[in-house]
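Encoded as structure tokens, the structure appears first; notes follow it.
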Amino acid sequence: MSDCIFCKIVAGVIPNTTVFEDDQVLAFRDIDPKAETHILVIPKQHIVNLASVQAHEWPLVQQVLQSIKRIAEQENLAGYRVITNNGEQGGQEVFHMHWHILAGKNLPGF
Ligand code: 5GP
Ligand code: ZN
């Protein structure tokens, strides 16, 4: 198995708090939440980040984004922010593409 933390989560080797799952997408709560609600949405397939998406992988990105909408509805989020960090200079620490859903009181402005 690869050294990737999120691939290990997909494989069930590292436990997670799943909030949504389908054939291609997994969403789980961030271990170190930066907001009242902090969910990570990932493709089960290892893709490094948005910048590295190959032409044939765009349908998977679409499935991730559709999942974000569904999760927000499922969690009854009144409003939310979606972030995907790209590369070290973009603040990416885990190099398996993931989309943060942040919601709740006192979401900082920027
Ligand atoms: P990044 O900085 O790469 O955009 O975000 C990585 C996120 O993954 C961080 O918010 C961090 O708290 C979260 N994270 C890192 N390791 C784990 C883990 O083992 N389990 C979960 N649930 N979240 C993790
Ligand atoms: Zn991975």
Task: Under-5 Å amide H pairs with Phe20, H placed in peptide plane, nonlocal only - done: Ala27
Task: Under the Karplus curve 6.51 cos²θ - 1.76 cosθ + 1.60, θ = phi - 60°, whole-Hz ³J(HN,Hα) for the range 73-86, x wherever Gly or Pro sits - done: 5, 4, 8, 6, 7, 5, x, 7, 10, 10, 10, 10, 7, 10
Open item on the list: Per residue, how big is the convex hull of the chain when only Cα atoms are used? Give it in Å³.
Closed with: 111 Å³
- [ ] For the range 5-103, calculate the relative contact order in percent as a whole number, restricting contacts to Cα pairs under 8 Å that are 6 or more residues apart.
- [x] 32 percent
Open item on the list: Going by amide H atoms built from the backbone, whose H comes under 5 Å of the H on Asp30, apart from near neighbours?
Closed with: His38, Ile39, Leu40
Open item on the list: Can you compute the charge dipole magnitude of the chain about its Cα centre, using +1 on each Lys and Arg Cβ and -1 on each Asp and Glu Cβ, nothing else charged? Give it in debye, rounded to the nearest 20.
Closed with: 200 debye
Task: Sequence-distant residues sharing a close amide H with Val48 (under 5 Å, placed H) - done: Met97
Task: Difference of contour (0.36 nm per residue) and Cα-Cα distance, Ile14 to Trp58 - done: 13.1 nm
Task: the range 59-70 - phi-based ³J(HN,Hα) in whole Hz, Karplus 6.51/-1.76/1.60, Gly and Pro as x - done: x, 5, 4, 4, 5, 5, 5, 5, 5, 4, 4, 5
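Where a number appears in this text, it was derived from the coordinates with a stated rule and is not lab data. As the structure is a prediction and not an experimental result, all values here were calculated from the model. Methodologically, a virtual Cβ is constructed for each residue, glycine included, from the backbone with ideal geometry; neighbour enumeration extends over all protein chains shown.
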